[in-house]
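Everything on this sheet refers to the single structure shown next.
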Amino acid sequence: MTRERIVAAALVIIDEEGVDGLSMRRIAARLGVQAMSLYNHVQSKADILDGVTEYITDRMRMPTRMTGGWEDGIRSLSHAFRQAALRHPRAGELVLMRQLSTPTALAPVDTMLAMMLDHGFDEATAVHVLRLFVSFQVGSLLREIHASSPSQDRDRAEVQKARTAYLSEAGFPAVARVAPILAVNDHDAEFTFGVELLIDALRKLAPDRDAKAEGDTGA
């Protein structure tokens, strides 16, 4: 019995039933031990949830320091976080909503902050940018995680057809006009659109030397 085995069993339960289905008794039953024996390796259920958070964030495999421009760094971090969260959607939701306080969970936070500071952004702006992207990712990923069910994935074309018809006939002119687009949820495209829009807005806050470097490259 190890902490890693306990966390792995907890992750399986969360994947199957969500965080509400997790308990020390359920974990112990899956591992074939008594619940009290788990406390020889973990402090509490909260400690196990921290372990699950560590497991998912560790799968981002991000370097301590990013190379290249800050724009590409933000793209890499944003998409890596999204992919890590979506590998275990129900546990990914836990990571999105849980305060990141363990060393492993804080590693990508440090990478993001260091990247912004290394490119000349001041401390306050770096923190604002971090929180801006966390908020964007929380909202977009929670929506994506809850947006579809397996049946919808199987019958996506029929669902989109019915949704388009409903929106077209709902009696709202603007909604009807964009109904074929509004009925489609392309999460990859939506996430990329949001990341690029935020990056474009942040260019106005970029230190002069970054703006000059971009101009020299364009020339």
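The values are calculated or read from the model by the stated rules, or taken from the named source; none is laboratory data. This is a predicted model, so every value here is computed, not measured. Note that each Cβ is placed from the backbone with ideal geometry, even for glycine, and that neighbours are counted across all protein chains shown. Quick note on the areas: whole protein, heavy atoms, side chains included, nothing else; ligands and nucleic acids left out. Shrake-Rupley method; radii C 1.70, N 1.55, O 1.52, S 1.80 Å.
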**Q.** Long-range neighbours under 6 Å by Cβ, at least six apart or interchain, first residue free of Cβ contacts under 8 Å to residues at least 12 places away in the same chain within segment 174-186, second open to solvent by less than 80 Å² (accessible area, probe 1.4 Å)
**A.** V175/L167; A176/S168
Q. Filtering segment 17-45 down to residues that are open to solvent by 50 Å² or more (accessible area, probe 1.4 Å) and under 21 Å from T57 (Cβ atoms), which residue is nearest to the chain's Cα centre (by Cα)?
A. K45
Q) Using beta carbons and a limit of 8 Å, which pairs, at least six apart or on different chains, have the first residue in segment 3-17 and closer than 15 Å to S44 by Cα and the second one of a type in the set (D, E) and open to solvent by less than 50 Å² (accessible area, probe 1.4 Å)? A) V7/E54
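Inside segment 46-62, can you point out the residues that are of a type in the set (D, E, K, R) and surrounded by fewer than 20 Cβ atoms within 10 Å (Cβ to Cβ)?
So the first thing to find is which residues in segment 46-62 are of a type in the set (D, E, K, R), and the list is 47, 50, 54, 58-59, 61.
Matches in segment 46-62: D47, E54, D58, R59, R61.
Would you check if I181 is at pLDDT below 95, of a type in the set (V, I, T), surrounded by fewer than 12 Cβ atoms within 10 Å (Cβ to Cβ) and part of a helix (DSSP H, G or I)?
Details: at pLDDT below 95: yes; of a type in the set (V, I, T): yes; surrounded by fewer than 12 Cβ atoms within 10 Å (Cβ to Cβ): yes; part of a helix (DSSP H, G or I): yes.
Yes: the conditions hold for I181.
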Q) Given the residues A29, A91, A80, which is the only one that is outside any loop (DSSP other than H, G, I, E, B) and either modelled with pLDDT under 85 or among the polar types (S, T, N, Q) (or both)? A) A91
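Every residue, every condition in (1) surrounded by 15 or more Cβ atoms within 10 Å (Cβ to Cβ); (2) assigned to a helix (DSSP H, G or I); (3) at pLDDT 95 or above, yes or no:
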position	(1), (2), (3)
R131	no, yes, no
S135	no, yes, no
L141	yes, yes, no
L197	no, yes, yes
L202	yes, yes, no
A211	no, yes, no
E214	no, yes, no
T217	no, yes, no
(Q) The conditions are (1) under 23 Å from G69 (Cα atoms); (2) open to solvent by 40 Å² or more (accessible area, probe 1.4 Å), and D186 fails exactly one of them. Which is it? (A) (1)
**Q.** Failed item, numbered, when M115 is tested on (1) open to solvent by less than 60 Å² (accessible area, probe 1.4 Å); (2) touching a Leu at 6+ places or on another chain (Cβ under 7 Å); (3) aliphatic (A, V, I, L, M); (4) under 23 Å from K204 (Cβ atoms)
**A.** (2)
